[in-house]
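The values are calculated or read from the model by the stated rules, or taken from the named source; none is laboratory data. Being a predicted model, the structure only gives us computed values, none of them experimental. Heads up, the Cβs are rebuilt from the backbone with ideal geometry, glycines too, and the neighbour counts pull from every protein chain shown.
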Amino acid sequence: MKVSFLRLCAIGLALILALSACSSGLSGTAVTGKTLVLSLNQSESHPSYVALADFGQRLKAATDGRWDVKVYPNETLGAQQEVLQLVSDGSVDMAVASGTQLENLNPHFGVLNLPTTFKSIDHQMSVISDPSIVGGLFTSLEDSKNLTVLGGLTQGDRNLYTLTGPIREPADLHGMKIRVQESDIHIKMVNAMGGSATPMSYGEVYTALQSGVLDGAENNIVSYVTQHHNEVAKYVARTRHLIGLDYMLINSDIYAGMSDTDRRIFDAQWQQTMKEHTAMWKQETTKAIQQATDSGATFNDVDLAAFDQALAPVVKGALKDPADHELFDAIQEANK
Ligand code: GCU
């Protein structure tokens, strides 16, 4: 098995973190305070990093220094899939993970990963703040994985971008290898949109685009720019095929081990972070579009009806059982 140097460093770091967690006597027992280790796959210029660094500062001030958050950006601790395991076993305290990753742990999360689920970012944020809709989902990983979902950060609308283009309709994607997240739903989604879906972790996409292993990818414009994909894939097709969602996860023992007072403070600061991030998102998207355009990227509209038609069977096929339908319907109801 080939293990990269970076991966070895990440494992080494995780082990050190695990040892320091043991020495402070965690795992379900009461903890008076800690600098929480938070894993993020975005760069420091991404709004999620900015919002989470601010979360740490506010938490520290509000708890008189007892609790703090240290954000490790750029997949330093590993890609999302691996880090979820590290949070589960307690060697990392918190992580941001895309909904596509949670779909692999509990398929019902898949309902929130579909095209058409969310009509706007405001709709999405109001749904994930409503325990009557998502309460069961957010605690569903506690017994099996020791993971608690605290809420989410929007990914905004996701679009296609390619090395050659423009892409205006599904037929234009024929034969093109398009990177998708490691999700069954998203593989089917991009195949239905006319491409050849190629699952890959986030941090590998730039090199794969640059070397021509991929013909394109799909993401929001903020990530397109902060990951420098705009330097190599210059054609952006405004498919807006879905509004994605990142989740904030914490090791359930750590969360349960906080005093009631500190957990209340922690929750309040986190709620504020979600609001700040949502407010930041729109202006950061506008900024990213400008940056991409200045760097020579072109944006074009697409035949939305043709893409909608191609995607309809994917949505239908993913709503597998009555619980999925119920969740999907409750989400739609919340938009009325
Ligand atoms: C977005 C999202 C990440 C996700 C990434 C991806 O940037 O915020 O959580 O990992 O898309 O496409 O992998």
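Hand me the list of helices (runs of 4 or more DSSP H) wholly inside the stretch 171-270 holding 3 or more residues that are assigned by TED's automatic domain parsing to the domain that holds A97 and more than 16 Å from the ligand (Cβ to nearest atom). Output list reads 252-257. Taken together, T226, T239, T273 contain a single residue that is in contact with a His (Cβ under 7 Å, 6 or more places away or on another chain) and in contact (Cβ under 8 Å) with a residue 40 or more places away in the chain, which is T226. You will find that of T164, T148, the residue that is β-branched (V, I, T) and part of a strand (DSSP E or B) is T148 and no other. Across the stretch 94-104, not a single residue is classified as modelled with pLDDT of 95 or more, buried (at least 17 other Cβ atoms within 10 Å of the Cβ), more than 11 Å from the ligand (Cβ to nearest atom) and assigned to a loop (DSSP other than H, G, I, E, B). On inspection, Y247 does not qualify as modelled with pLDDT of 95 or more and over 22 Å from K119 (Cβ atoms). Just one residue in the set V232, V236, V213, V222 is of a type in the set (A, V, I, L, M) and in contact with a Gly (Cβ under 7 Å, 6 or more places away or on another chain); that residue is V222. Scanning the stretch 150-196 for residues that are among the polar types (S, T, N, Q), surrounded by fewer than 24 Cβ atoms within 10 Å (Cβ to Cβ) and closer than 19 Å to D246 by Cα turns up Q155, N159, S183. If I ask for residues that are closer than 16 Å to S129 by Cα, of a type in the set (G, A, S) and within 12 Å of the ligand (Cβ to nearest atom), which ones from the stretch 140-164 would you list? Once the filter is applied, which keeps residues that are closer than 16 Å to S129 by Cα, of a type in the set (G, A, S) and within 12 Å of the ligand (Cβ to nearest atom), the stretch 140-164 yields only G152.
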